[in-house]
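Only one structure is covered here, and it is reproduced in the block below.
The values are calculated or read from the model by the stated rules, or taken from the named source; none is laboratory data. Small disclaimer: the values here were computed from a predicted structure and weren't measured. For neighbour counting, all protein chains shown are included, and Cβ atoms are generated from backbone atoms with ideal geometry for every residue, glycine included.
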Amino acid sequence: MEVNSKHISSGNAETVELSDAVFGAPYNEPLLHQVVVAQLAGLRSGSAVQKNRSAVRGGGRKPWKQKGGGRARAGSIRSPIWRGGGRAFPGSLQSYKQKVNKKMWAGAMRSVLAELLRQNRLQIIATEDFPEPKAKLGRAWLEAAGGDDVLVVLAEAPVNFFLSLRNFPHVGVAEWQDVGPADLLRYGRVLMDVAAANKFAEVYG
């Protein structure tokens, strides 16, 4: 398919050819949902840890005799019902990762890229760089591109370009191999240079 590739700074546009297999793929919502959930689950640290009654220090001696004291039975001062005792159902180190094979990932990437293009949320742009790393230059470029809430996907991110845009809160700059379906859906718009689009076509086509 043919789309327009825009040079943001100059406003010039030219026609480029995109892969129909990737950017014209049908929308598979169940697959995309499964892969996005798996990607977000893999970002969870799973590091919440508490101690159970066996891990808390102390409590090896029975605090008082079983019968005759008029108090409830107790075998340890580190019981979960005691102050300073262990947790009844403590958190432990765990992994939330879900298995996603290569075909599923590729199918989800094709689905989200094609759907973003159909919704006019994906725009192909020409690769640019700035003469120096200045946020002022980045702000002017964003205004010419249509504002914030945008992810810029590049084949190789120029250093000055990345440094000029990295501090804006609703702007992301990433190279194509670091982008997944959840990243593409996180922002309102995606700006992708021609080289990155060709990389996606080569890998997922």
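Just a few scattered comments:
- Among the numbered conditions (1) under 22 Å from Lys6 (Cα atoms); (2) surrounded by 15 or more Cβ atoms within 10 Å (Cβ to Cβ), the only one that Val100 does not meet is (1).
- Test: residue in region 105-115 that is of a type in the set (Ser, Thr, Tyr), part of a loop (DSSP other than H, G, I, E, B) and either in contact (Cβ under 8 Å) with a residue 40 or more places away in the chain or not assigned by TED's automatic domain parsing to the domain that holds Val179 (or both): no
- Candidates Val3, Val49, Val36 - the one that is of a type in the set (A, V, I, L, M, F, W, C), touching a strand residue (DSSP E or B) at 6+ places or on another chain (Cβ under 6 Å) and surrounded by 10 or more Cβ atoms within 10 Å (Cβ to Cβ): Val3
- Pair list, Cβ < 7 Å and 6+ apart or interchain, from region 63-83 residues that are farther than 16 Å from Asn52 by Cβ to residues that are of a type in the set (Lys, Arg): Trp64/Arg71; Gln66/Arg73
- Under the condition of being within 20 Å of Gly205 (Cα to Cα), assigned to a strand (DSSP E or B) and free of Cβ contacts under 8 Å to residues at least 40 places away in the same chain, the residues counted in region 1-17 number 2.
- Residues that are within 20 Å of Gly42 (Cβ to Cβ) and part of a loop (DSSP other than H, G, I, E, B) within region 138-196 comprise Val179, Gly180, Tyr187, listed in sequence order.
- Subset tally (residues that are part of a loop (DSSP other than H, G, I, E, B) and out of contact with any helix residue (DSSP H, G or I) (no Cβ under 7 Å at 6 or more places or on another chain)) for region 18-31: 1
- Considering Gln98, Gln94, Gln34, the condition of being within 23 Å of the chain's Cα centre (by Cα) and outside any loop (DSSP other than H, G, I, E, B) is satisfied by Gln34 alone.
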